[in-house]
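Contents: one structure, followed by commentary.
The values are calculated or read from the model by the stated rules, or taken from the named source; none is laboratory data. Here the structure is a predicted model, which means the values were calculated and not measured. Cβ coordinates were reconstructed from backbone atoms using ideal geometry, including for glycine residues, and neighbour counts include every protein chain displayed. Each accessible area value is taken on the protein alone, full model and side chains, heavy atoms only, with ligands, DNA and RNA left out. Shrake-Rupley method; radii C 1.70, N 1.55, O 1.52, S 1.80 Å.
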Amino acid sequence: MDRRHFFHGTAAAAAAGALAGCAAPAGTAGSRTPFAVAGTVIPVVGSDEVFPVRRIYCIGRNYRAHSIEMGSNPDREPPFFFQKPTDAIQYVAAGTVPDHPYPSLTKNYHYEAELVALIGKGGRNIPIATALEHVWGYTLGLDMTRRDLQRAMGDEKKPWEIGKSFDRSAPIGAVHKVAQTGHFTKGAIWLKVNGVTKQSASLDQMIWSVAEQIAKLSEANELFPGDIIYSGTPENVGPVVRGDVIEMHIDGLPNLSVKIV
Ligand code: MN
């Protein structure tokens with residue numbers, strides 16, 4: 001099973017809406033829905049709980065060498081963010097190598113290894129100094145990218161959406177509670193394809209720290225419990241083809257692996 005879903009009807013939908021900070025529109029309380037809509041959750045390590053995913057934010061170009069390889073000047077750019085839909089999540093259990101389908105429309109499908117911070121307490125205009133108090137847990141994930149489409153759309157000054165925000169574009173591991181792991185501000189992050197190292201860096205090489213990302217994001221949008229943030233990838237992103245096995249690592253977390261099929 002590659003995704004975990006919960007299904008909600010009337011009461012549960014209202015509860016989920018309240019949890020996500022989205023009040024039901026006036027006059028809809030108690031109304032029945034004509035069909036169930038799946039929500040996305042991620043298992044929590046050492047717990048019966050699952051983490052409900054509300055929004056998936058991703059920062060762009062957050063390591064100097066990656067920023068340069070993507071054609072930017074890392075010294076002059078403020079942070080920028082995009083989103084993936086919650087059903088882009090492909091949950092990957094530790095110790096397994098599930099199939100990850102090569103997506104449609106692309107001929108240049110890239111990996112990006114990233115630390116993911118999961119928000120447990122929302123807020124607006126969150127100060128950097130207290131931003132990490134809003135993190136409930138961490139995991140690791142892949143920001144899979146149709147690089148050819150991302151570039152083509154960028155060249156035409158159109159939205160990146162089709163390059164970044166498609167089905168299963170966000171493989172992700174189980175959530176580790178920050179209470180048990182502490183914060184991830186340094187340590188190795190690497191990615192291998194078929195056992196060959198492709199990306200290798202340290203989390204302290206981020207241009208914008210997780211705390212700074214939370215502060216910046218909360219200026220643009222109110223953050224809520226359930227929001228998650230892909231914190232950017234180091235340099236040496238590259239392509240995979242069918243049959244390749246990706247393995248990624250962050251110090252302190254179990255490795256995440258998928259097979260491209
Ligand atoms: Mn990325």
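Filtered by the rule that a residue be buried (at least 19 other Cβ atoms within 10 Å of the Cβ) and not small (Gly, Ala, Ser), the stretch 116-130 gives Val116, Leu118, Ile119, Ile126. For the stretch 43-62, what are the residues that are within 16 Å of the ligand (Cβ to nearest atom) and either assigned to a helix (DSSP H, G or I) or open to solvent by less than 70 Å² (accessible area, probe 1.4 Å) (or both)? Matches in the stretch 43-62: Ile56, Tyr57, Cys58, Ile59, Gly60, Arg61, Asn62.
Taking the stretch 29-56 as the range and being in contact (Cβ under 8 Å) with a residue 60 or more places away in the chain and more than 16 Å from Leu140 (Cβ to Cβ) as the test, the residues that pass are Gly46, Ser47, Pro52, Arg54, Arg55.
Is one or more of the residues making up the stretch 102-125 touching a His at 6+ places or on another chain (Cβ under 9 Å), over 21 Å from Met248 (Cα atoms) and of a type in the set (A, V, I, L, M, F, W, C)? The answer is yes, given that some residue of the stretch 102-125 is touching a His at 6+ places or on another chain (Cβ under 9 Å), over 21 Å from Met248 (Cα atoms) and of a type in the set (A, V, I, L, M, F, W, C). For the stretch 184-224, the set of residues classified as among the hydroxyl-bearing types (Ser, Thr, Tyr) and over 22 Å from Gly123 (Cα atoms) consists of Thr197, Ser200, Ser202, listed by residue number. If you scan the stretch 225-243, which residues turn out to be more than 14 Å from the ligand (Cβ to nearest atom) and under 30 Å from Asn125 (Cβ atoms)? Answer for the stretch 225-243, where residues must be more than 14 Å from the ligand (Cβ to nearest atom) and under 30 Å from Asn125 (Cβ atoms): Pro225, Gly226, Asp227.
All conditions but one from (1) within 16 Å of the ligand (Cβ to nearest atom); (2) of a type outside the set (Phe, Trp, Tyr); (3) open to solvent by less than 20 Å² (accessible area, probe 1.4 Å) apply to Thr40; the one that does not is (1). Every test in (1) at positive phi; (2) more than 16 Å from the ligand (Cβ to nearest atom); (3) at pLDDT below 95 is passed by Gly71 save one, and that test is (2).
Identify, from the list Ala113, Ala65, Ala94, the residue that is open to solvent by less than 10 Å² (accessible area, probe 1.4 Å) and in contact (Cβ under 8 Å) with a residue 12 or more places away in the chain. Give the steps one after another, and end with the answer.
Working: Ala65 fails: open to solvent by less than 10 Å² (accessible area, probe 1.4 Å); Ala94 fails: open to solvent by less than 10 Å² (accessible area, probe 1.4 Å).
That would be Ala113, the only listed residue that is open to solvent by less than 10 Å² (accessible area, probe 1.4 Å) and in contact (Cβ under 8 Å) with a residue 12 or more places away in the chain.
Looking only at the stretch 231-250, count every residue that is within 18 Å of the chain's Cα centre (by Cα) and open to solvent by 20 Å² or more (accessible area, probe 1.4 Å) and tell me the total. The number of residues fulfilling the criteria is 4.
Among the listed residues Ile250, Ile246, Ile214, identify the single one that is within 16 Å of the ligand (Cβ to nearest atom), under 25 Å from Val41 (Cα atoms) and out of contact with any Leu (no Cβ under 6 Å at 6 or more places or on another chain). Working first, answer last.
On the way: Ile250 fails: out of contact with any Leu (no Cβ under 6 Å at 6 or more places or on another chain); Ile214 fails: within 16 Å of the ligand (Cβ to nearest atom).
Exactly one residue qualifies, and that residue is Ile246.
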